[in-house]
Amino acid sequence: MTIMLNFHPQYKEMVLQGKKTTTIRLGDRTDKYKIGENVVLSIGKKWCLTKIGEGIIEKAYSKRLNELTKKDLEGESEDARTITGLKETLETYYRQAMDDEEIVTVVKFKILLN
């Protein structure tokens with residue numbers, strides 16, 4: 001099974017330039033993302049994804065939202081480099097209120113150059 005990391009189109013250039021190397025997903029998804037695993041990087045909606053590259057998972061771990069540190073947020077987009085900004089971003093993406101106790105998965109990845 002191909003594992004995908006899908007991003008909003010606004011993050012495409014950041015991913016391709018290696019500026020966005022962290023993504024934070026709602027829930028404990030550590031069973032999905034394994035260290036050393038190759039992933040397809042894509043943008044778009046589930047029904048219309050566009051592959052933009054390939055990457056490799058460097059780290060994947062879960063924490064409560066209020067336990068995240070600056071180190072956890074390193075490599076995130078500018079709008080998600082603070083807990084407040086991350087909560088707002090997650091609320092917009094998942095269309096639900098985020099509680100400080102929410103479990104999230106921090107995925108650190110590296111883009112593979114062709």
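The values are calculated or read from the model by the stated rules, or taken from the named source; none is laboratory data. Keep in mind that what you see is a predicted model, and the values were worked out from it rather than measured. When we count neighbours, we look across all protein chains shown, and the Cβ atoms used for this are built from the backbone with ideal geometry, even at glycine.
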| field | Selection within the range 1-53 - within 17 Å of GLY75 (Cα to Cα), charged (D, E, K, R) and under 14 Å from the mean Cα position of the chain (by Cα) | value | LYS12, LYS19, LYS20, ARG25
| query | Of all residues in the range 63-80, which are crowded, with 16+ Cβ neighbours inside 10 Å and more than 23 Å from LYS45 (Cβ to Cβ)? | reply | LYS63, LEU65, LEU68, ASP72, LEU73, GLY75
| task | Evaluate the range 85-97: report whether one residue or more is in contact with a helix residue (DSSP H, G or I) (Cβ under 7 Å, 6 or more places away or on another chain), modelled with pLDDT under 95 and exposed (fewer than 13 other Cβ atoms within 10 Å of the Cβ). | result | yes
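Please determine, by comparing only the residues of the range 13-53 that are part of a strand (DSSP E or B) and of a type in the set (Ser, Thr, Tyr), which one is surrounded by the most Cβ atoms within 10 Å (Cβ to Cβ).
Here is the first cut: in the range 13-53, the ones part of a strand (DSSP E or B) are 22-26, 38-45, 48-53.
Now narrow it down to the ones that are of a type in the set (Ser, Thr, Tyr): 22-23, 42, 50.
Numbers: THR22: 19, THR23: 22, SER42: 17, THR50: 11.
The residue in question is THR23.
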| query | Regarding ARG81, is this residue at pLDDT below 90 and not acidic (Asp, Glu)? | reply | yes
